[in-house]
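The values are calculated or read from the model by the stated rules, or taken from the named source; none is laboratory data. On a predicted model such as this, the values are computed, not experimentally measured, just so you know. For neighbour counting, all protein chains shown are included, and Cβ atoms are generated from backbone atoms with ideal geometry for every residue, glycine included. Surface accessibility is based on the protein's heavy atoms, side chains included, excluding ligands, DNA and RNA. Shrake-Rupley method; radii C 1.70, N 1.55, O 1.52, S 1.80 Å.
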Amino acid sequence: MSDQYTVTALAIEQLTHDVRRFRFDKPEGYRFVPGQATELHLDRDGWRDEGRPFTFTSLPQDDHLEFTIKSYPDHDGVTEQLGELQGGEQVVIGDAWGAIEDRGPGMFIAGGAGVTPFIAILRQRLASDTLDGCHLVFSNSTEGDIIMREDFEAMPGLRSTFLVTDQPGSPLAASRLDGTSLEELIDDIDQQFYVCGPPGMVDDVSSALRKLGAEPDGITFEDG
Ligand SMILES: Cc1cc2nc3c(=O)[nH]c(=O)nc-3n(C[C@H](O)[C@H](O)[C@H](O)COP(=O)(O)OP(=O)(O)OC[C@H]3O[C@@H](n4cnc5c(N)ncnc54)[C@H](O)[C@@H]3O)c2cc1C
């Protein structure tokens, strides 16, 4: 069984209309690799058994832990509760796990909150000045849903492409992530591809990449 750690909310910041950034203290010796997640449990009556996975968006060398979390008020679930979490409150996390890790520069394809593993990986590459050859392709419903757009645009060496699916008239490309739009965006099919987002999107993008000739070993994916 995974170890359990109680951590305290130090700061909470609203990033978009439904996404907040949570900073927690970091247990002594706690380890993770950028891209990994952990199971988070609220320390509230009625919620302690309801763990949900969230990805670290801070870096392993930081003195705190950070999560970037989208709330779904219509779920009556953990993320609705997290939308009301206050500074000073505690939550319980387990050990770190996850399929996504940095396997080299390439195309990082995200839908909505599926961008979180790429926040950590791209921030780590920013810290080591190794963003050349990295291309973030980030799809959202509307411009107002894009998490950390200015931060990505300001990362030297990172190419960013933002797409919206439900905002007619937006200056951003209004295409869905499919074989046609991906083919236009991909310069080199032999690079690494990282895919994270809602399950339907991950399946569609992964199979489109295979049809375009990407090696199965070159595609790292996780439902987010
Ligand atoms: C590895 C991994 C890492 C992740 N990292 C992040 C991250 O960093 N940030 C982030 O924001 N998310 C992340 N997610 C997604 C996150 O875990 C989910 O958003 C979260 O589990 C939803 O929890 P919830 O309790 O709010 O809702 P759910 O567990 O989806 O639902 C709770 C209840 O709400 C009801 N419900 C479910 N769907 C609907 C619906 N569509 N409409 C109405 N009611 C519904 C159901 O009755 C359900 O029992 C990650 C997921 C994975 C797998």
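Quick notes on this structure:
- Summed side-chain charge close to residue 121 - residues other than residue 121 whose Cβ falls under 10 Å, Lys, Arg +1, Asp, Glu -1: +1
- The fraction of accessible area contributed by carbon and sulfur in the range 39-196 is 44 percent, rounded to a whole number (1.4 Å probe; ligands and nucleic acids excluded).
- Charge context of residue 211, other residues only, Cβ under 13 angstrom, K/R +1, D/E -1: -4
- Segments 195-204, 67-76 sorted - mean Cβ within 10 Å per residue, highest first: 195-204, 67-76
- Signed unit charges on C-beta, dipole axis of the range 171-224, positive-most listed residue 193, 213, 171: 171
- The calculated FRET efficiency for residue 128 paired with residue 76, based on their beta-carbon distance and R0 = 45 Å, is about 0.60.
- Solvent-accessible surface of the chain, averaged per residue with a 1.4 angstrom probe and all protein chains in place: 48 square angstrom.
- Computed from label points 7 Å out along Cα-Cβ, the spacing between residue 2 and residue 150 is 3.4 nm.
- For the chain, size of Cβ-based charge dipole, Lys and Arg +1, Asp and Glu -1, in debye: 200 debye
- Among 125, 31, 103, the order of accessible area from largest down is 31, 103, 125, computed with a 1.4 Å probe on protein heavy atoms.
- Along each principal axis, taking the top coordinate minus the bottom one, the Cα set of the chain gives 49, 37, 32 Å in descending order.
- Report summary: the helix-based calculation at 222 nm, which adds -39500 (n - 2.57) for every DSSP H run with n ≥ 4 and divides by the residues of the chain, gives -5000 deg cm²/dmol.
- Rounded Å value of the spacing that divides the Cα centres of the range 133-181 and the range 92-116: 17 Å
- Among beta bridges identified by DSSP and lying wholly in the chain, the antiparallel ones come to about 55 percent.
- Helix 199-211 vs. the chain, principal-axis angle (Cα, 0 to 90°, nearest 10): 30 degrees
- The angle separating the long axis of helix 116-127 from the principal Cα axis of greatest extent in the chain is about 80 degrees.
- Relative packing of 109-115, 55-61, which averages over residues the other C-beta atoms within 10 Å, highest first: 109-115, 55-61
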